[in-house]
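Here's the structure we're looking at; comments come further down.
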Amino acid sequence: MKLFVYHTPEQTPTAQVPDCAIVIDVLRATTTIATALNAGAEAVQAFSNIEQLLEVSEQWAPDKRLRAGERGGAPVAGCDMGNSPLDCTPEKVKGRRLFISTTNGTRALQRVQSAPIVLAAALVNRQATVKYLLTNQPETVWLVGSGWEGTYSLEDTVCAGAIAHSLLAQASYTEDELVGNDEVIGALSLYHRWQNQLLEMFHQASHGKRLLRLDGHDDLKYCAQTDVLHILPIQQEPGVLGIEN
């Protein structure tokens with residue numbers, strides 16, 4: 001298995017796809033997707049475009065759909081909720097399809113949706129992601145951070161490092177065998193530095209500061225947790241994620 005870290009969807013190669021693509025948007029799309037499915041959502045359908053989300057979701061009965069829209073960290077008018085995982089309670093999402101469009105994470109999902117396996121990972125379901133990789137052993141794995149509007153983000157990179165660290169700890173790989181590009185080394189180093197202070201790191205991250213200005217401290221606390229969810233969102237058809245049966 002070879003891991004490659006790409007900090008944004010724009011940095012991923014365009015001439016090929018990996019055996020497995022793992023999209024990471026810790027703050028907050030992939031954390032929200034995992035939380036919604038854990039709470040019983042029927043599926044999560046991701047869109048990079050709000051207008052398309054509204055058009056497609058209109059074909060579903062109101063009691064079977066939930067629209068989540070976020071731009072710049074704030075909820076989008078006309079949607080039922082923003083991009084907070086704390087809104088994904090069983091009472092709200094169980095049995096419904098979550099239609100979601102966010103500033104960064106849903107663009108990353110769209111960028112790699114042609115890969116044969118597409119997963120959505122965050123710190124909250126890190127171990128579920130690692131378990132899948134160890135069980136299925138894909139040859140090439142891209143860890144694709146969502147970043148912020150095309151730029152690097154600390155939180156997505158530290159999550160990629162957390163996944164790589166756990167693979168090294170639980171398997172017989174050497175670092176040389178597992179590492180596919182320099183960015184993996186950088187992600188591992190970032191995780192080693194901050195693994196016991198993830199919330200503090202989020203407070204220093206640019207998007208963490210943005211969410212704090214929007215009264216998002218509880219979201220940061222939730223997203224900084226590691227291995228608290230045991231489910232793994234996996235693409236079932238382009239743009240639609242569910243739980244593997």
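The values are calculated or read from the model by the stated rules, or taken from the named source; none is laboratory data. Keep in mind that what you see is a predicted model, and the values were worked out from it rather than measured. Cβ: placed from backbone, ideal geometry, glycine included. Neighbour counts: every protein chain shown. The protein model used for the area step is the full one, side chains on, heavy atoms only, and it has no ligands, DNA or RNA in it. Shrake-Rupley method; radii C 1.70, N 1.55, O 1.52, S 1.80 Å.
In whole percent, what relative contact order does the chain give with Cα contacts below 8 Å and a gap of six or more residues? Each step should come with its number before you reach the end.
Values: 527 pairs, mean separation 80.4, N = 245.
Averaging sequence separation for qualifying contacts and normalising by length gives 33 percent for the chain.
Using just the C-alpha positions of the stretch 1-66 as equal point scatterers, what log10 of I(q)/I(0) does the Debye formula give at each q in 0.21, 0.24 1/Å?
Rounded to two decimals, the profile gives -1.06, -1.16.
For the stretch 29-70, what is the Kirkwood estimate of the hydrodynamic radius, computed as the reciprocal of the mean inverse distance between distinct Cα atoms, to one decimal in Å?
Values: mean 1/r = 0.0905 Å⁻¹.
One over the average 1/r among Cα pairs gives 11.0 Å for the stretch 29-70.
In 5 Å bins starting at 0, how do the alpha-carbon pair distances of the stretch 71-225 split up by percent?
1, 8, 16, 21, 21, 16, 10, 5, 2, 0
DSSP loop (so not H, G, I, E, B), at most 12 other Cβ within 10 Å: list which trypsin sites (Lys or Arg not before Pro) in the stretch 157-245 pass both filters. Each step should come with its number before you reach the end.
Working: sites: ARG193, LYS209, ARG210, ARG213, LYS221; in loops: none.
Of the trypsin sites (Lys or Arg not before Pro), not one in the loops of the stretch 157-245 has a Cβ with at most 12 other Cβ atoms within 10 Å.
Which whole number of Å³ per residue matches the convex hull of the alpha-carbon atoms in the stretch 112-188?
Numbers: hull volume 7.6 nm³, N = 77.
Residue-normalised Cα hull volume stands at 99 Å³.
Rounded to the nearest 500, what is the 222 nm mean residue ellipticity of the chain from helices alone, with -39500 (n - 2.57) per DSSP H run of 4+ residues and division by all residues? Before the final figure, lay out each step's value.
Details: 11 runs with 96 residues, N = 245.
Theoretical 222 nm ellipticity from helices: -11000 deg cm²/dmol.
Using a probe radius of 1.4 Å on heavy atoms only, what accessible surface per residue do you get for the chain? Whole Å² is fine. Don't skip to the answer; put the middle values down first.
Numbers: 10240 Å² over 245 residues.
Heavy-atom accessible area per residue stands at 42 Å².
Between GLN137 and VAL56, what length in nm is gained on full extension when 0.36 nm per residue of separation is reduced by their alpha carbon distance? Write down the numbers at each step before the final one.
On the way: separation 81, 0.36 × 81 = 29.16 nm, distance 3.51 nm.
The GLN137-VAL56 span can extend by a further 25.7 nm.
Keeping the other protein chains in place, figure out the carbon and sulfur percent of the accessible area of the chain, with a 1.4 Å probe. Write out the running numbers ahead of the final one.
Working: 4810 of 10240 Å².
The C+S portion of the solvent-accessible surface of the chain is 47 percent.
Among ALA205, LEU119, ASN136, whose Cα projects farthest towards the positive end of the dipole of the chain, with charges put on the beta-carbon of Lys, Arg (+1) and Asp, Glu (-1)?
Positive-most Cα among the choices belongs to ALA205.
Starting from the 7 Å offset along Cα-to-Cβ, what nm value, one decimal, do you get for the label separation of ARG193 and ARG213?
2.4
In Å, the Kirkwood hydrodynamic radius of the stretch 1-147 over pairs of distinct alpha carbons? Show your work: numbers first, answer last.
Working: mean 1/r = 0.0646 Å⁻¹.
One over the average 1/r among Cα pairs gives 15.5 Å for the stretch 1-147.
Kindly provide log₁₀ I(q)/I(0) values, in the same order as q = 0.22 Å⁻¹, from the Debye equation applied to equal alpha-carbon scatterers of the stretch 166-245.
-1.09
Residues with amide H under 5 Å of LYS2's amide H, sequence separation 5 or more or different chain, H placed in the peptide plane at 1.01 Å from N; which?
Those qualifying (amide H under 5 Å, at least 5 residues apart or on another chain) are THR140, VAL141.
Roughly what % antiparallel, to the nearest 5, for the DSSP beta bridges in the chain? Numbers along the way, then the final one.
On the way: 10 of 35 bridges.
That works out to approximately 30 percent antiparallel.
About the Cα centre of the chain, what is the dipole size in debye to 20, counting +1 per Lys and Arg Cβ and -1 per Asp and Glu Cβ, all else neutral? Walk me through the numbers on the way to the answer.
Working: 19 positive and 28 negative charges, 89 e Å.
My answer is approximately 420 debye.
Taking Rh as the Kirkwood radius, which is the inverse of the mean 1/r over Cα pairs, what is the Rg/Rh value for the stretch 143-199? Intermediate results must be reported in sequence, preceding the final value.
Values: Rg = 11.5 Å, Rh = 11.7 Å.
Using only Cα positions, Rg/Rh for the stretch 143-199 is 0.98.
List the residues, sorted by chain then number, that are 5 or more residues from VAL118 or on another chain and whose placed amide H is less than 5 Å from its amide H.
Hits under the 5 Å cutoff: ALA21, GLN235.
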